[in-house]
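Notes follow the structure.
The values are calculated or read from the model by the stated rules, or taken from the named source; none is laboratory data. Bear in mind the structure is a predicted one, so any value in this text is a computation, not a measurement. Every residue, glycine as well, gets a Cβ built from its backbone with ideal geometry; the counts of neighbours run over all protein chains shown.
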Amino acid sequence: MPSIVYAGVRYTQTRHAIQCRKCLETIESKYIHDFKYCSCQAVGIDGGISAGNSILGNMSDIEDRSMYCAIVKKKKIWLPQFAYNNTT
């Protein structure tokens, strides 16, 4: 399962989704081999939250809508989107 370390805490991916900047549609891949294109076919997504998930299309047409969560002292902590969107 993909993860990100931020401020010393490991967050695991709980949602694999993107938004197309051309048609503004948000698409989500929920499991392996769950390939989807947006309605204008500019971007695609596949792989769910498994390792090796992928995004297809021009990166300038994509806005990441994935979500990451960590359990710390029995509490869920959600990673702010700005913490990982600066790398995409």
key: Subset of the stretch 13-28 [more than 27 Å from Ile71 (Cα to Cα) and either within 13 Å of the chain's Cα centre (by Cα) or modelled with pLDDT under 95 (or both)]   = Cys20
ask   = For the subset of the stretch 1-12 comprising residues that are in contact with a strand residue (DSSP E or B) (Cβ under 7 Å, 6 or more places away or on another chain) and either more than 17 Å from Gln81 (Cα to Cα) or of a type in the set (Gly, Ala, Ser) (or both), which member is surrounded by the fewest Cβ atoms within 10 Å (Cβ to Cβ)?
value = Met1
task = Please specify each residue of the stretch 13-32 satisfying the condition of being in contact with a Ser or Thr (Cβ under 6 Å, 6 or more places away or on another chain), loosely packed, with under 15 Cβ neighbours inside 10 Å and either polar (S, T, N, Q) or outside any loop (DSSP other than H, G, I, E, B) (or both).
result = Arg15
query = In the stretch 33-88, which residue that is assigned to a loop (DSSP other than H, G, I, E, B), touching a Cys at 6+ places or on another chain (Cβ under 6 Å) and among the hydrophobic types (A, V, I, L, M, F, W, C) is surrounded by the most Cβ atoms within 10 Å (Cβ to Cβ)?
reply = Val43
